[in-house]
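Taking it in order: structure first as structure tokens, then the write-up.
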Amino acid sequence: MIDLIIKNAHVATATDTFKCDIGIDKEKIIFLEKNTKQKSKEIIDANNNFVLPGGIDAHCHIDQPMKDGSVMADNFETGSLSAAFGGTTTIIPFACQYKGENLREVIKDYHQRAENKSYIDYAFHTIISDVNKKVLGQELPAIIKDGYSHFKIYMTYEDLKLNDKDILNVLEVAGKEKAVVMIHAENDDCISWLTEKLEEKGKTGPKYHSFARPDVVESEATNRAISLSRIVNTPILFVHVSEKETIDIIRNAQSRGFKILAETCPQYLFLTKDDLDKDDFEGAKFICSPPPRTVEDQQHVWRGLNNGTFQIFSSDHAAFRFDDDKGKMMNGKNSSFKKIPNGLPGLETRLPLLFTYGVLKNKISLNKFVELTSTNPAKIYGLYPRKGTIAIGSDADLVIWNTKVKKKITNKDLHHNVDYTPYEDKEINTLANTVISRGTIVVKDQKLLSKNSHGKFLKSEISGFVY
Ligand code: URP
Ligand code: ZN
Ligand code: ZN
């Protein structure tokens with residue numbers, strides 16, 4: 001007798017939509033057939049609700065050590081729990097190298113932070129900030145071969161940024177080793193110049209964060225990074241793309257045949273820079289980089305999701321508590337915007353928001369939703385076909401969605417360790433009702449059933465999608 005059958009599933013993958021029963025044994029999907037006569041230890045009736053591949057959140061910051069004295073709100077336990085309740089069954093957070101740190105040590109430390117704490121499976125990106133000869137010649141090629149085949153580099157943030165020459169060096173190695181390079185594109189010199197000007201005029205409240213990081217800061221850096229990628233002929237992936245001009249630059253490069261990929265996030269669909277302009281320091285809750293833009297930019301982000309400019313939709317969950325001396329208020333309510341930790345919570349709200357406002361409002365198809373939130377992240381980050389689809393032999397990572405919900409997001413319903421959500425009171429019409437990770441029922445009818453020791457580390461292969 002097999003472990004589990006999901007009856008009456010309305011399955012959608014990135015390419016197909018069909019009705020069937022799903023057979024699961026020893027963590028894998030073993031059959032997809034109509035009206036099965038097979039027997040199982042457990043049966044779940046999906047009642048013709050949509051059953052989709054578990055979401056992959058390919059950009060989230062969890063228990064990442066910070067250099068400014070701030071502490072991230074979520075560790076692997078609370079982050080993975082929140083992700084699971086939002087319909088995500090794989091997370092890819094960042095093992096972050098600061099200058100002077102050995103990459104192996106950084107990865108070892110991050111494994112210790114994750115081990116036996118995650119409700120769902122996880123892979124690691126690395127962040128490369130020290131581009132010395134040893135890292136380029138030995139450490140980076142070795143870890144890429146060992147299952148860490150994708151990493152992020154920064155063009156901003158004092159502790160992390162690389163100059164153009166370092167970027168060329170790192171891209172050259174990535175191209176040779178076939179690693180996927182994610183780029184945070186913002187021009188740091190422009191940000192620091194603009195910040196000084198604002199501070200001289202006493203303009204230091206949260207809303208000025210977006211004045212210091214206008215859209216041209218992002219589009220300039222994006223354009224430059226594309227040029228660097230062309231010089232060494234290495235593909236790159238722009239993360240958290242926020243605005244029209246940058247989207248146009250990326251689309252133009254793609255149409256010229258350059259291997260340029262892009263990701264966007266909920267904050268660029270559902271928030272604007274006006275959210276930063278709130279009294280009593282409340283605007284700090286919305287500070288992230290790049291900042292949310294305008295309603296017009298949001299329309300361009302929707303278009304980019306639909307027309308293939310974006311391959312991935314991630315949360316960029318980087319959560320700091322609001323009322324906390326290690327969070328948004330760590331330097332007091334009167335601190336300059338430049339001293340407020342950057343980032344927003346979003347692991348649990350990413351999929352319900354995109355499903356509600358994208359699929360149910362006919363802005364994107366259901367197949368596109370699966371492609372952006374599960375299949376492409378698996379393909380790009382070397383986890384496919386184990387993850388990212390519903391197929392015989394794939395891990396049984398499945399979500400049964402309830403699409404007849406009418407409720408408002410409220411922080412007290414969420415499972416992260418954050419004292420606010422930027423989406424408070426926003427209506428949603430979908431919930432991840434039942435969430436299955438490698439055949440184990442993690443959430444059933446919105447109730448937790450499994451333990452946090454279930455999640456396992458996933459080694460990432462070289463990306464067949466990118467190379
Ligand atoms: O503001 C943000 N997005 N913080 C998280 C770090 C990053 O750059 O992704
Ligand atoms: Zn970033
Ligand atoms: Zn990020």
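The values are calculated or read from the model by the stated rules, or taken from the named source; none is laboratory data. For clarity, every value in this text was computed on a predicted model and none was experimentally measured. Glycine also receives a Cβ, built like all others from the backbone with ideal geometry; neighbour counts cover every protein chain displayed. Areas reflect the complete protein model, heavy atoms only, side chains present, ligands, DNA and RNA absent. Shrake-Rupley method; radii C 1.70, N 1.55, O 1.52, S 1.80 Å.
Annotations for the structure displayed:
Rundown of residues vs (1) under 16 Å from CYS265 (Cβ atoms); (2) open to solvent by less than 10 Å² (accessible area, probe 1.4 Å), yes/no style:
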site	(1), (2)
GLY55	yes, yes
ALA58	yes, yes
LYS67	no, no
ASN75	no, no
THR78	no, no
PHE85	no, no
THR90	no, yes
PRO93	yes, yes
LYS99	no, no
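- For the residues ILE436, ILE428, ILE441, ILE400, the requirement of being touching a Pro at 6+ places or on another chain (Cβ under 9 Å) and open to solvent by less than 30 Å² (accessible area, probe 1.4 Å) singles out ILE428.
- Sub-9 Å Cβ pairs linking a first residue in region 389-409 that is closer than 15 Å to PHE50 by Cβ to a second residue that is open to solvent by 30 Å² or more (accessible area, probe 1.4 Å) and among the β-branched types (Val, Ile, Thr), at least 6 apart or interchain, are THR389/THR15, ordered by first then second residue.
A quick yes/no check of all residues on (1) within 16 Å of ligand 2 (Cβ to nearest atom); (2) over 20 Å from the mean Cα position of the chain (by Cα); (3) open to solvent by less than 10 Å² (accessible area, probe 1.4 Å); (4) at pLDDT 95 or above:
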{"site": "THR272", "(1), (2), (3), (4)": "no, no, no, yes"}
{"site": "ASP277", "(1), (2), (3), (4)": "no, yes, no, yes"}
{"site": "LYS285", "(1), (2), (3), (4)": "no, no, no, yes"}
{"site": "SER289", "(1), (2), (3), (4)": "yes, no, yes, yes"}
{"site": "VAL295", "(1), (2), (3), (4)": "no, yes, no, yes"}
{"site": "ARG303", "(1), (2), (3), (4)": "no, no, no, yes"}
{"site": "GLY308", "(1), (2), (3), (4)": "no, no, no, yes"}
{"site": "ASP316", "(1), (2), (3), (4)": "yes, no, no, yes"}
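- Residues located in region 257-270, provided they are open to solvent by less than 20 Å² (accessible area, probe 1.4 Å) and outside any loop (DSSP other than H, G, I, E, B): ILE260, LEU261, ALA262, GLU263, THR264, GLN267, TYR268, LEU269
- Of the residues in region 206-216, at least one is among the acidic types (Asp, Glu), touching a residue at least 12 places away in the same chain (Cβ under 8 Å), open to solvent by 10 Å² or more (accessible area, probe 1.4 Å) and more than 16 Å from ligand 3 (Cβ to nearest atom).
- Residue match in region 440-458 (condition: of a type in the set (Val, Ile, Thr), modelled with pLDDT of 95 or more and farther than 30 Å from ASP3 by Cα): no
- Any hit, region 143-155, residues being assigned to a loop (DSSP other than H, G, I, E, B), within 16 Å of ligand 2 (Cβ to nearest atom), crowded, with 18+ Cβ neighbours inside 10 Å and within 21 Å of the chain's Cα centre (by Cα): yes
- So THR126, is it touching a Lys or Arg at 6+ places or on another chain (Cβ under 8 Å), β-branched (Val, Ile, Thr) and buried (at least 21 other Cβ atoms within 10 Å of the Cβ): yes
- Taking (1) more than 21 Å from the chain's Cα centre (by Cα); (2) within 16 Å of ligand 1 (Cβ to nearest atom) in turn, MET182 satisfies each apart from (1).
- Test: PRO352 is in a loop (DSSP other than H, G, I, E, B) and under 18 Å from the mean Cα position of the chain (by Cα): no
- Only residues that are in contact with a Ser or Thr (Cβ under 9 Å, 6 or more places away or on another chain) and either charged (D, E, K, R) or within 19 Å of LEU458 (Cα to Cα) (or both) were counted across region 356-403, and they come to 23.
- Filter result (touching a residue at least 40 places away in the same chain (Cβ under 8 Å) and either within 16 Å of ligand 3 (Cβ to nearest atom) or open to solvent by less than 10 Å² (accessible area, probe 1.4 Å) (or both)) within region 158-178: ASP159, LEU160, ILE167, VAL170, LEU171, ALA174
- For ASP188: the one exception among (1) within 27 Å of PHE281 (Cβ to Cβ); (2) within 23 Å of the chain's Cα centre (by Cα); (3) crowded, with 22+ Cβ neighbours inside 10 Å: (3)
- Against the list (1) within 20 Å of THR90 (Cβ to Cβ); (2) assigned to a loop (DSSP other than H, G, I, E, B), the condition ILE56 fails is (2).
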